[in-house]
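Below: one structure, written as C-alpha cells.
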Amino acid sequence: DAADGIVISFAEHNGAYSAAFKNIFDWISRGGPNIWGNKTMFLLSTSPGARGGQSALDIAVGKIGRMTKGEVEHFSLPEFEKNFDNGIIDKDLKAAFTEKLNAFIANLTA
C-alpha cells in the first residue's frame, strides 16, 4: 500500500507469461477486486524474438487493466540481444521506452 507504483517485467513462455507468475497472479487475485490498490503500473517484457514477449505482455495488460483503476503503461523490447547493451541501443526503441517511462512517472505524481 505504501508504494507509489508497481513495475512488473514478464518472461514469455510459449506465448504467455510464465507459470510462476500465473500462480502468483491466481493467488493474489483471491484478495479481492482491488489487489493492485489502483496504483499506476508499468508492465514490461522482452525476448530474443522479434515480438519481444508481446504476447505475454498483451495478456498481462488485458488482465491487469481490468483489475485496476490506475494507469497501466507497457513496453516490449524486441530482439533483446540486438537491442540491449547496458541500455537500449536502438534510438527509436529507446525513445518509445522513455516516453512510456515518463508517462508512468507523471502518473505517479498526478
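If you put +1 on each Lys and Arg Cβ and -1 on each Asp and Glu Cβ, how big is the dipole of the chain around its Cα centre, in Debye rounded to 20?
Dipole size: approximately 340 debye.
If you roll a 1.4 Å probe over the chain with all protein chains in place, what percent of the accessible area is carbon or sulfur? List each step's numbers first, then the result.
Working: 3590 of 6730 Å².
C and S fraction of accessible area: 53 percent.
Picking from Ser76, Asn34, Gly87, whose Cα lies most toward the positive end of the charge dipole for region 17-110 (charges on Cβ: Lys, Arg +1; Asp, Glu -1)?
Most positive-ward Cα: Asn34.
Would you please give the residues with an amide H less than 5 Å from that of His13, counting only those at least 5 places away or on a separate chain, with H modeled from the backbone geometry?
Amide H to amide H, under 5 Å and 5 or more residues apart or across chains, His13 pairs with Ser18.
Near the amide H of Thr40, under 5 Å away, which other amide H atoms are found, from residues 5 or more places off or on another chain, if H is placed in the peptide plane?
Ile6, Glu71
If you add up the charges near Ile35, with Lys and Arg at +1 and Asp and Glu at -1, over every other residue whose beta carbon is less than 14 angstrom from its beta carbon, what do you get?
+3
What does the net charge come to around Pro48 if you take all other residues with beta carbon closer than 12 Å to its beta carbon, with K and R at +1 and D and E at -1?
-1
Determine the per residue accessible area of region 29-110 with all protein chains present and a 1.4 angstrom probe, expressed in square angstrom.
Value returned for region 29-110: 58 Å² of accessible area per residue.
The values are calculated or read from the model by the stated rules, or taken from the named source; none is laboratory data. Predicted model, so just to flag it, every value in this text is computed and none were measured. Backbone-built Cβ (ideal geometry, glycine too); neighbour counts: all protein chains shown. SASA here: full protein model, heavy atoms, side chains in, ligands and nucleic acids out. Shrake-Rupley method; radii C 1.70, N 1.55, O 1.52, S 1.80 Å.
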